[in-house]
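First comes the structure, then the notes that go with it.
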Amino acid sequence: MTAVSPAPPVATGAPAVLDRCRALVRPALGEAVGRLHPWVGEMARYALGWCEAGGASVAAPVAAPGGKGVRQALAVLGAEAAGAPGRDGVPAAVAVELVHTFSLVHDDIMDGDATRRGRPAVWRAYGTGPAVLAGDALFALAVETLAGAPGGAAAVGTLSTALGDLLRGQADDLVFATRPWTGPERVRPGEYRLMAERKTGALLGCAAALGARLGGAPPATADALDRAGRHLGTAFQVIDDVLGLWGDPAVTGKPVHADLRERKKTYPVLAALDSPGPAARRLAGLLDADGDPAEAAALAEAAGGAAAARDEARRHVREAAAALASVPLAGAAGGELRALAAFLTDRAR
């Protein structure tokens, strides 16, 4: 495991925090992936952005927009918030990053998404069956990594709970796509919030809580970090929805308006549909008729969907800050966690 100095320099902003935590976690993550079957390991490295299909190295790792390394950072900062060195949170960071990568590999299969981070998704590059196998291997490796850490066996239950929430959130997301845009069976913003907390927030909360637990934090501190991470994850998902509708594909790595074409219910559109005025009524008619996604995105913005989504994200960031303020946190970790939350919300500005 990579050593860390007893008193690492305090990062001056969220990007610096992400860089510091990535540098701490990356060797251990590479070591874990190296334990996989060579072919499965190649698919895992491809999913992580470390190699091309076929195994050739990339000049620079393929970065995910905005959120690259967030889960790793939360685990490291969770340990530091408990007064432990960041390295104590590294097994948690590795385990959560592997689970997250597993979920992306399987999500792309379920959603039929052909690209991820600007290149073919794992299932398009290697085939559906091999991609399922790679995802399963990543999940198994995550449990093995966490269970093998000091105190990690007890933490596996926390990871399992988060995974159960993640799967429930993914199930809701898929079911929402089959429900109508309007009428009594439509998806409400409150249902979306619960789905987002499960699908995205559970794993971010788990990362922070696992790091804290491995760092020796009392249960109240780990629970507060879990709540903060869940709110942060919900904000993160809402901002991802904004970027999916109005972001630059060259930056996001995914086609614009893909969620609308797949009839996925995202917060900006649901909020726009709930607003009064002619733009919302026109949007409802257009969506019911499976109209042009670009026009639907424009109407959703005109109906206030983008502004409502940004407000929702900021609300969850405030809730995350309140959770962090509810318990004593050691050193600079509390401030770095708050800076990270603000940085992620600002992605859509």
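The values are calculated or read from the model by the stated rules, or taken from the named source; none is laboratory data. Keep in mind that this is a model prediction, so the values were computed, not measured. For neighbour counting, all protein chains shown are included, and Cβ atoms are generated from backbone atoms with ideal geometry for every residue, glycine included.
Report yes if some residue within segment 78-96 is surrounded by 19 or more Cβ atoms within 10 Å (Cβ to Cβ), within 27 Å of E262 (Cβ to Cβ) and at pLDDT 95 or above; otherwise report no. Among the residues of segment 78-96, at least one is surrounded by 19 or more Cβ atoms within 10 Å (Cβ to Cβ), within 27 Å of E262 (Cβ to Cβ) and at pLDDT 95 or above, which makes the answer yes. Given the conditions (1) farther than 25 Å from E197 by Cβ; (2) without any contact (Cβ under 8 Å) to a residue 12 or more places away in the chain, which single one is not true for P293? All conditions pass for P293, except number (2). Close Cβ contacts (under 6 Å, 6 or more residues apart or on different chains) running from residues in segment 309-335 that are within 16 Å of R227 (Cβ to Cβ) to residues that are among the polar types (S, T, N, Q) and part of a helix (DSSP H, G or I) comprise H316/T234; V317/T345; V327/T221. For R281, are the conditions met, namely being out of contact with any Lys or Arg (no Cβ under 8 Å at 6 or more places or on another chain), charged (D, E, K, R), within 13 Å of L299 (Cα to Cα) and without any contact (Cβ under 8 Å) to a residue 40 or more places away in the chain? Criteria met by R281.
Working carefully through the options L146, L138, find the one that is crowded, with 23+ Cβ neighbours inside 10 Å, modelled with pLDDT of 95 or more, part of a helix (DSSP H, G or I) and touching a Phe, Trp or Tyr at 6+ places or on another chain (Cβ under 6 Å).
L138
Restricting A59, A28 to those that are small (G, A, S), farther than 16 Å from V122 by Cβ and either in contact with a strand residue (DSSP E or B) (Cβ under 8 Å, 6 or more places away or on another chain) or modelled with pLDDT of 95 or more (or both) reduces the list to A28.
Scanning segment 188-205 for residues that are buried (at least 21 other Cβ atoms within 10 Å of the Cβ) and either basic (K, R) or in a loop (DSSP other than H, G, I, E, B) (or both) gives R198, K199. State whether the residues of segment 236-250 include one that is buried (at least 24 other Cβ atoms within 10 Å of the Cβ) and within 20 Å of G164 (Cα to Cα). Checked against the condition, which is being buried (at least 24 other Cβ atoms within 10 Å of the Cβ) and within 20 Å of G164 (Cα to Cα), segment 236-250 yields at least one hit. Each residue in segment 170-223 was checked for being over 22 Å from A308 (Cα atoms), at pLDDT 95 or above and hydroxyl-bearing (S, T, Y), and 1 of them qualify. For A208, the stated conditions do not hold, so it cannot be described as closer than 15 Å to A82 by Cβ, out of contact with any Asp or Glu (no Cβ under 8 Å at 6 or more places or on another chain), crowded, with 24+ Cβ neighbours inside 10 Å and small (G, A, S). Return a yes/no flag: does segment 207-225 have any residue that is over 30 Å from G151 (Cα atoms), in contact (Cβ under 8 Å) with a residue 60 or more places away in the chain and of a type outside the set (V, I, T). No, every residue in segment 207-225 fails to be over 30 Å from G151 (Cα atoms), in contact (Cβ under 8 Å) with a residue 60 or more places away in the chain and of a type outside the set (V, I, T).
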